[in-house]
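Before any comments, here is the structure.
The values are calculated or read from the model by the stated rules, or taken from the named source; none is laboratory data. The model shown is predicted, which means the values in this text are computed figures rather than measured ones. Cβ: placed from backbone, ideal geometry, glycine included. Neighbour counts: every protein chain shown. The protein model used for the area step is the full one, side chains on, heavy atoms only, and it has no ligands, DNA or RNA in it. Shrake-Rupley method; radii C 1.70, N 1.55, O 1.52, S 1.80 Å.
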Amino acid sequence: YEQAEELSIKIQKVRELIERIQLRPYEARRKVVIIKNAEALTTEGANALLKTLEEPTASSLLILTTAVPERILDTVKSRCHAVPFFGLSRSALCARLETQDGLLPREAAVLSGYADGCYGKAACLHREEFIALKNEIIEQFVFSGADEAAVKAVTADPEKIRAALNILFVWFKDLLLLQAGADPARLANQDRIQDVRRISTKYTKDQLREILDVIVDTKKMLDANLNVKIPLLLLKEKTCLN
């Protein structure tokens, strides 16, 4: 079992993986290789994998996973058999979190709103005390003063930047949905529904769309390993109410 979970899966990692595939399995009939987030393969890494994908050893099974198949090279996709997986509904995921993990209904509602229908992701968020982090980010970027403290708090860790951007995207999407007349039960931030109601009118629809665009652009810059401090400062200016 091999799992690649890096921001960029380079050719050297792929070569190491191919070498391991050539070895005979010792504990089972097959050797299973899982390349998680296969869109992270560099062009060189993906090209190095092509021959192995086309002619794998009889005792190996390669599984590539991705949430963004459009970012996978066509030459890679043409050598794979696509198996789509669909997420659970919000209600089904909430019910499972309540019965299997003992979460309170409000906690389950929040985690299911951020988990994209994936039970494993929701359970992981629960273990990592995601709700506390979520509310910390919202406080820093929305309700605190217009200083740089919030930006400094997240820029030291790329994964925290990514988490903050995802949290802010869902938060401002909730505001936009509420302005558009959506049922409040559809919103992800069920633990702060009163805050969402209270501040939803403090932004115009155009402002909310602009904020969401800035978040998306900043995530793209982060994926490209670019410095995102200035975009985060701009985002803070646009999101802060004080």
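Net charge dipole, the stretch 70-225: roughly 400 debye, given to the nearest 20, about the Cα centre with Cβ charges of +1 for Lys and Arg and -1 for Asp and Glu. Value of Rg to Rh for the stretch 70-202, rounded to two decimals, is 1.03; Kirkwood radius and Rg both from alpha-carbon coordinates. Projecting the Cα positions of LEU50, LEU97, ALA28 onto the charge dipole of the stretch 1-111 (unit charges on Cβ atoms of Lys, Arg, Asp and Glu, taken about the Cα centre) puts ALA28 furthest along the positive direction. Atom-type composition of the exposed protein surface of the chain places 53 percent of the accessible area on carbon and sulfur (1.4 angstrom probe).
Across the cross-link table entries LYS51/LYS219; LYS13/LYS77; LYS51/LYS160; LYS77/LYS220; LYS121/LYS202; LYS36/LYS219, which are compared at the Cα atoms, the separations over 27 Å belong to LYS51/LYS219; LYS51/LYS160; LYS121/LYS202. Taking Cα centre as origin and charging only the Cβ of basic (Lys, Arg, +1) and acidic (Asp, Glu, -1) residues, the dipole magnitude of the stretch 157-242 rounds to 140 debye. Ranking of ASP223, ASP213 by solvent-accessible surface, largest first: ASP213, ASP223 (1.4 Å probe, protein heavy atoms only, all chains present).
Put the Cα centre of the stretch 95-133 next to the Cα centre of the stretch 51-71 and the gap is 31 Å. From most to least packed by mean Cβ count within 10 Å, the peptides 163-175, 112-124 give 163-175, 112-124.
Which whole-number percent gives the relative contact order of the chain, counting Cα pairs below 8 Å spaced six or more residues apart?
15
From most to least packed by mean Cβ count within 10 Å, the peptides 195-204, 20-29 give 195-204, 20-29. All Cα-Cα distances of the stretch 2-73, cut into 5 Å bins from zero to the largest, leave 3, 17, 29, 27, 15, 7, 2, 0 percent in each bin in turn.
The candidates ARG209, ARG96, arranged from most to least accessible area with a 1.4 Å probe in the full protein assembly, appear as ARG209, ARG96.
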